[in-house]
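Have a look at the structure below, then the notes.
Taken together, the values in this text are just the output of simple stated rules run on the coordinates, not laboratory data. Predicted, not measured: the structure shown is a model, and the values here were computed from it. Don't worry about glycine lacking a Cβ; one is built from the backbone with ideal geometry, like all the others, and counts go over all protein chains shown.
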């Protein structure tokens, strides 16, 4: 079947967003602010880098990746069904895809970066295996279940966070140990590889454990992407222009104020890592994904225009090699930022963002060149080979 370039372009855009967020926290331990700590000599450009990165990308891109994963899941199932596979054969192939993704993610999380998302996506995706080949109505029933579960767990998480914050604030001298955050930073930024492995194992364990509170949300987003694929809203965006316009308006109305709250808090947190969020700021973390549909809708509406078609053509090769490019980003950050490599982690948030842009442009050019001679990325080839045996 003909490849859908719009969903590839969305993946390509998401790769940029995830890179500019990840690179700020790459050399910090799991307990540090996601944008790092602003040093005494930090400039206004560093503060604005944190604000813009948080406002535009943080907690909006991982839901976008989930949406794209679910969309690809539905498209893949449709292709397999057209090829004549029965339900059990499709499930076996899907399990092999997830097993490959899980193992690759675990290796990535241990030896390169504790923020790996591949293993977490694979663990969540096992819950949608039974939905392979189902239509929109059946998927909608599953969406209701996972949506309710997501809301329940989100409320529980907010309550627990408020209780923890009140208890933390009531204890004297209980501010988060900034000195330990700085020590963790210099361990990653200047330490040898064996020492970073030990620290990374501990951080990665905490990251995997925290996924218990987020995986229902990921499953909900997977199913949402699958439903949109089944309905064909991205395949024929012009036909569904009114739906996308409504989604864009609602998402911007709800999401922009939340994004402002989160961005302001992240700047304040980078200035003072001991700062605890209030109830509004705590809620902003959970509700940040409300801006994600606006990105999907914007791409759908822009793709109808001549300029938008050029943007889609520019970004689509990045998305066609999404797995390869995601891993290359981690490897590039590992080499450029950490002490076992060049050691550029301590150059400030603004300069770190420039490094991210350089990495992305390199990948973008390389993806265009590589796909002129190949139909699939190298890691994607291995993934497909293992899936199809």
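Worth pointing out:
- Which of 296, 342 has the fewest Cβ neighbours within 10 Å, and the rest in rising order: 342, 296
- The length gained by stretching the chain between residue 368 and residue 342 to full extension, at 0.36 nm per residue less their Cα-Cα distance, is 6.6 nm.
- Computed from the C-beta positions of residue 111 and residue 376 and an R0 of 22 Å, the FRET efficiency is 0.35 to the nearest 0.05.
- Helix 44-56 axis, angle to the chain major axis (alpha carbon atoms, nearest 10°): 30
- Entry note, the chain: the mean residue ellipticity at 222 nm calculated from DSSP H runs of n ≥ 4, each adding -39500 (n - 2.57), is -25500 deg cm²/dmol after division by the residues and rounding to the nearest 500.
- Sequence-separation-based contact order of the chain, relative, with Cα cut under 8 Å and 6+ spacing, percent: 34
- log10 of Debye I(q)/I(0), alpha-carbon scatterers only, for the range 319-385 at 0.14 Å⁻¹: -0.48
- With the alpha-carbon atoms of the range 168-327 aligned to their principal axes, the span from lowest to highest coordinate is 59, 38, 30 Å, starting with the largest.
- More than 14 Å apart - percent of Cα-Cα pairs taken over the range 54-133: 67
- Shape call, the range 111-165: gyration tensor on alpha carbons, a/c limit 1.5: oblate
- 0 to 90° range, to nearest 10: angle between helix 136-170 axis and the chain longest Cα axis: 0
- With N counted as the residues of the range 233-389, its alpha-carbon radius of gyration over 2.2 N^0.38 Å works out to 1.31.
- In degrees, nearest ten, helix 306-320 long axis to first principal axis of the chain (Cα): 80
- Site pair residue 231 and residue 271 shows an inter-label distance of 4.3 nm when each label is modelled 7 Å from Cα along Cα→Cβ.
- Proxy reagent accessibility, fewest Cβ within 10 Å first, across 306, 49, 150: 306, 150, 49
- Where a label projected 7 Å from the Cα of residue 357 along Cα→Cβ would reach, residues of the range 38-67 with amide N under 17 Å: 43-57
- Placing a pseudo-label 7 Å from each Cα along the Cα-to-Cβ vector at residue 190 and residue 280 gives an inter-label distance of 4.0 nm.
- The distance from the alpha carbon centre of the range 326-342 to that of the range 5-30 is 14 Å, rounded to a whole number.
- Likely footprinting exposure, 103, 66, fewest C-beta neighbours within 10 Å first: 103, 66
- Annotation: the range 217-267 has a Kirkwood hydrodynamic radius of 12.9 angstrom, from the mean reciprocal C-alpha pair distance.
- Both radii come from the Cα set of the chain: Rg as radius of gyration, Rh as Kirkwood radius; their ratio Rg/Rh reads 0.95.
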